[in-house]
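The values are calculated or read from the model by the stated rules, or taken from the named source; none is laboratory data. The shown structure was predicted, so the numbers you read here are calculated from the model rather than taken from an experiment. When we count neighbours, we look across all protein chains shown, and the Cβ atoms used for this are built from the backbone with ideal geometry, even at glycine.
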Amino acid sequence: MVFGKEDYSNSSADEMIIYMGKGVEIKGDIRFDGSGRIDGIVEGKVTAKGSLVLGDGAVISSEIDGDLITVGGKVNGKIIGHQKVQLLKSSVVTGEIMTPSLIIEEGAQFNGTSKMTEEGNTISTMTRMDEAEKRPAVMAVK
């Protein structure tokens, strides 16, 4: 540690990099490499290259992008899990979930749509699906 700043360049995905407690509110995007836990309020995109736990006090309004995402709080927006998304019984999710593996515990509330993807292809699959939805289903030819 130098001048109160730690070097995270050699951190592994299992190492806890961020913890945001209850009572903390952030308006803006959060981006980190490694594992993290959020129990506060975020109005902005959360991007984690690793695992992300949203505790039962978490309230997220925007997009969440990570490898392993566990939701125990409230999410209003899109969740992109590159490996797995798990909704705990305390979770309330409104929006879209894209992941190759989705686990929903009994008691969890999920109002929205889910798209199952191949592991590692979440973003490219999402882009292809979005582009396909914009194209007309039938083309007329003279």
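Scanning the stretch 18-62 for residues that are surrounded by fewer than 19 Cβ atoms within 10 Å (Cβ to Cβ), touching a Ser or Thr at 6+ places or on another chain (Cβ under 9 Å) and farther than 19 Å from V93 by Cβ yields I18, D29, R31, F32, D33, G34.
Of all residues in the stretch 25-42, one or more are of a type outside the set (G, A, S) and within 18 Å of E96 (Cβ to Cβ). Residues in the stretch 63-111 that are in a strand (DSSP E or B), of a type in the set (D, E) and surrounded by 17 or more Cβ atoms within 10 Å (Cβ to Cβ): D65, D67. Is there a residue being within 16 Å of G81 (Cβ to Cβ) and at pLDDT below 90 anywhere in the stretch 5-24? Checked the stretch 5-24: at least one residue is within 16 Å of G81 (Cβ to Cβ) and at pLDDT below 90. Out of the stretch 67-89, which residues are under 15 Å from E118 (Cα atoms) and out of contact with any Asp or Glu (no Cβ under 9 Å at 6 or more places or on another chain)? Correct list: D67, L68, V85.
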